[in-house]
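Just so you know, all these numbers are worked out from the coordinates, no wet-lab data involved. Every value quoted in this text rests on a predicted model; they were computed, and no experiment measured them. In this analysis, Cβ positions are derived from the backbone assuming ideal geometry, glycine residues included, and neighbour counts consider all displayed protein chains.
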Amino acid sequence: MPDWLSPDEWRAVALSLRVSLWATFLSLPLGILVAFALARRQFWGKQVLNGLVHLPLILPPVVTGYLLLLTFGRKGFVGQYLDMMGVVLAFQWTGAVLAAAVMAFPLMVRAIRLSVEAVDAKVEQAASTLGASPMWVFATITLPLILPGIIVGAVLAFAKAMGEFGATITFVANIPGQTQTLPSAIYAFLQVPGGDPQAFRLVLVSIFVAMAALVLSEWASKAVARRISGA
Amino acid sequence: MTVQVSLQHAFDAFALDVAFELPAGVTALFGPSGAGKSSVIKAVAGLMRPDQGLIRAGDQVLLDTDKGINLPPHRRRIGCVFQDDRLFPHLTVRQNLSYGRWFSPGKGGVSFDQVVAMLGIAPLLARRPQTLSGGERQRVAIGRALLSNPQILAMDEPLAALDEARKAEILPYLEHLRDQTQIPILYVSHSVSEITRLAGKVVVLGKGRVLKAGPVAEVFSDPNLSPWLGGVREAGSVITATVAAQEHDGLTRLHTSAGPLWLPRVDAAIGAALRVRIAAQDVMLAVQRPEGISALNILPATVVSLRMGDGPGAMVQLRLGEDLLLARITRRSAMHLGLTVGSPVFAVLKTVAVAPGDIGAPPITP
């Protein structure tokens, strides 16, 4: 634990990293599925699905948070059943994961969808004439070709989750050590007199994590693209 | 193994209604663009579902719309080569070639080393598709299809995207392929010279229908089909010959059933069998043996049929020994010479009129 961060500050940083990583990894399979459906399939309600996915991007975050509370709160219409099974999301760090995942989902889906649309379906057809079933075509042709898009989508989602504030604070509040993420901690420090230096240290951490994620994703997607293009 | 194809499908622009058989060897599907050639390939490969159809490869039914049978592409074992090579960009040449091997049931068919040697792609194995030339890519695509252990090879204008030099590079490999494998090959093309070199049988399509099907020499010398065979300028016939001698002044003497035929140097061994495509517009006709003329090839022939065109031209089909020859002359000349069916004539062909691309090895299959 670096001693230039107080235990409370460090806890906020660690919680944010944990929440963002979980949010990214848990939403990735669904993100790939939805991106595929939107890029390739024609089905009833496609525009509704597209709208739902993008809603968190255009709604005020506080509205998304409140809707999450109405839905997944202990008395919410999904939350009450989860509560019966002993799963509580509201005011828990797991709820922060849900809020971050929902807010980051549109960015992830958009990046992956673009890469799916860039895959030439004729190449997949060629694979099927060589004897590959649809599952094998996906695993050996499509997935490797959209990997750069998946990496970009995942990193964007991670960065968005690290910075998520409005929906998170509305859904799970701002409890130090439990639901106080990096942005919530900065907000809390700014609310007390003399909290500016602490807030500023967290701002630096925030900038560092965001930059590191960006550089990492650039490097990774370039490396993958290079491997694909063989240049 | 014989493949039976029968398809009906209503497109927006035209209706496809074709039926033909695919014996061993190369069967060419010929016709102008929009005739439905590519749709036939797609339906055979399972990439398109026709309204009505029956496709049978030997005993195996690939498609029978009446019985509701429609095997998906990956269970049909149709090796496809497309106009665009469609190589997998994220895999090396070796991985591209081996891709179909994963899925092919049993071992049978040609070996990896055989295919690599036949197509001359050993130096390319470690490279990626993006670093290859167009001709190299198409050779790899052919190898990839072959190595999937297909029961039919379906080639959709595999040379159309290449320039003349690349075509000349690949054609000999396709000739090897035809002679060294027993797989029926469905070869779509709108190039008369490609088909002349490769195919034993040709199915001529026009506006979604089969206009004529049969041996290449017979179909291509049919004067009634010349408007469909890429227009009168493209019309021509195919004759068979063997190399008789390489002469000192750069000419090659061929032996045909009607007499000697001199061509510019042909790189083939004495005794080698050849097929030569002769464009109809390069053939002159005379009722007496001409004297004092620069053309070296003067062969006796008999008029089999005459077709007067709508314009000034006439198409004359001739029997030349055991072959059929097509000559395009003017209607005025036909009248003036008094040509009728059965007239004896002399066919005159300039030696330099035959391009190297029009000479190929005949299929070994009978």
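Structure above, values below:
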| item | result |
| --- | --- |
| Simple spin-label estimate for residue B:133 and residue B:164 in nanometres, 7 Å along Cα-Cβ | 1.6 |
| Cα-based shape type of the stretch A:10-78, given that a ≥ b ≥ c are square roots of the gyration tensor eigenvalues and the cut on a/c is 1.5 | oblate |
| Angle in degrees between helix A:46-58 and the longest Cα principal axis of chain A, rounded to the nearest 10 | 30 |
| Rounded D (µm²/s) - the stretch A:55-113, Kirkwood Rh over Cα pairs, Stokes-Einstein at 4 °C, 1.567 mPa s | 108 |
| Rg/Rg_ref, the stretch B:3-220, where Rg_ref = 2.2 N^0.38 Å and atoms are Cα | 0.99 |
| Estimated D of the stretch A:85-152 in µm² per second, where Rh is the Kirkwood radius over Cα pairs and Stokes-Einstein applies at 25 °C, 0.890 mPa s | 171 |
| Reciprocal mean inverse distance between Cα atoms of the stretch B:129-183 - Kirkwood radius, Å | 11.8 |
| Relative contact order (percent, whole number), chain B, Cα cutoff 8 Å, 6+ residue spacing | 17 |
| P(r) tail fraction, the stretch B:258-340 - alpha-carbon pairs more than 15 Å apart, % | 62 |
| Two-site label geometry, residue A:48 and residue A:120: point separation in nm, points 7 Å out along Cα→Cβ | 3.8 |
| The protein assembly as shown: antiparallel DSSP beta bridges as a percent of all, rounded to 5 | 80 |
| Trypsin sites (Lys or Arg not before Pro) restricted to DSSP loop in the stretch B:47-102 with at most 10 other C-beta within 10 Å | B:67 |
| Candidates B:174, B:62, B:251: whichever shows maximal mean-square fluctuation once chain B is modelled as a Gaussian network with Cα springs under 10 Å | B:251 |
| Calculated SAXS-style log₁₀ I(q)/I(0) at q = 0.07 Å⁻¹ - the protein assembly as shown, Debye, Cα scatterers | -0.61 |
| Mean ellipticity per residue at 222 nm, deg cm²/dmol - from DSSP H runs of n ≥ 4 across the protein assembly as shown, formula -39500 (n - 2.57) | -13500 deg cm²/dmol |
| Pair residue B:352, residue B:336: separation of 7 Å Cα→Cβ label points (nm) | 2.4 |
| GNM flexibility winner over chain A from A:100, A:12, A:220 (Cα, springs under 10 Å) | A:220 |
| Near-label residues of the stretch B:1-31 by backbone N, under 13 Å of a point 7 Å along Cα→Cβ of residue B:66 | B:6-7 |
| Alpha-carbon centroids, the stretch A:30-44 and the stretch A:68-141: separation in whole Å | 10 |
| Inverse of mean 1/r across different Cα pairs in the stretch A:7-229, Kirkwood, Å | 18.9 |
| FRET efficiency, 1/(1 + (r/R0)^6) with R0 30 Å, evaluated for residue B:98 and residue B:176 via beta carbons | 0.90 |
| Tensor-based shape of the stretch A:115-231 (alpha-carbon gyration tensor, a/c under 1.5 rounded, otherwise prolate or oblate) | prolate |
